[in-house]
Each structure stands twice: as C-alpha cells, then as structure tokens.
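Peer 1: The structure follows.
The values are calculated or read from the model by the stated rules, or taken from the named source; none is laboratory data. Bear in mind the structure is a predicted one, so any value in this text is a computation, not a measurement. Cβ sites come from the backbone with ideal geometry, for glycine too, and all protein chains shown count toward neighbours. These accessible areas exclude ligands, DNA and RNA; they are computed on the full protein's heavy atoms, side chains included. Shrake-Rupley method; radii C 1.70, N 1.55, O 1.52, S 1.80 Å.
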Amino acid sequence: MEVFSGFDSSNIAEIAYDEAAQVLQITFHNGSIYQYFDVPDHIWQAFKMADSKGIYLNSSIKGQFRYSKV
C-alpha cells in the first residue's frame, strides 16, 4: 500500500492506495478511516497532486465509488 501524507489539509490526515486491490483509504484528523473501492490509479494520482485534498475528495471521489467506514 502506498501512503501519502505530509500535506496541508484541515480535514484529511493521510491518504493511502492499494493498487492491486484498487482500494483508496482516507484517514481524517478526527481519527475516522474510510475505504473507497474500485478506485482506478489515475484517480489516486490526481488525488495526490490536488491542491486541495478536501475539494478533490468531494468532487471526484465521494458519491462516485463504493465505500466503507473502517
């Protein structure tokens, strides 16, 4: 699993991606963890590069992919 952190976000602490399983995992500052399923690699790459992780999450991930709270 590739983990990406160290970015500035008021809501998101860390994002991680399992390329083989196509699972995107988002850890929030409040401790909540969500997994999004069947997320293609190009979405992961764009998420990492997004200036605002929160805006990208809301516009391109939420409502587009199945998810589960961990």
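Peer 1: So, GLU19, is that one of a type in the set (Asp, Glu) and within 11 Å of the chain's Cα centre (by Cα) or not?
Peer 2: No: the conditions fail for GLU19.
Peer 1: Something else now. May I ask you to say which residue of ILE15, ILE55 is open to solvent by less than 70 Å² (accessible area, probe 1.4 Å) and not small (Gly, Ala, Ser)? Quick ask: steps written out before the conclusion?
Peer 2: Details: ILE55 fails: open to solvent by less than 70 Å² (accessible area, probe 1.4 Å).
Only one candidate qualifies: ILE15.
Peer 1: How about the range 18-32: which of its residues are β-branched (Val, Ile, Thr) and either free of Cβ contacts under 8 Å to residues at least 24 places away in the same chain or open to solvent by 40 Å² or more (accessible area, probe 1.4 Å) (or both)?
Peer 2: Passing the criteria: VAL23, THR27.
Peer 1: For ASP8, are the conditions met, namely being surrounded by 14 or more Cβ atoms within 10 Å (Cβ to Cβ), free of Cβ contacts under 8 Å to residues at least 40 places away in the same chain and out of contact with any helix residue (DSSP H, G or I) (no Cβ under 8 Å at 6 or more places or on another chain)?
Peer 2: No; evaluated as a whole, the condition is false for this residue.
Peer 1: Restrict the check to the range 33-50 and report whether at least one residue is aromatic (Phe, Trp, Tyr), exposed (fewer than 13 other Cβ atoms within 10 Å of the Cβ), assigned to a strand (DSSP E or B) and at pLDDT 95 or above.
Peer 2: yes
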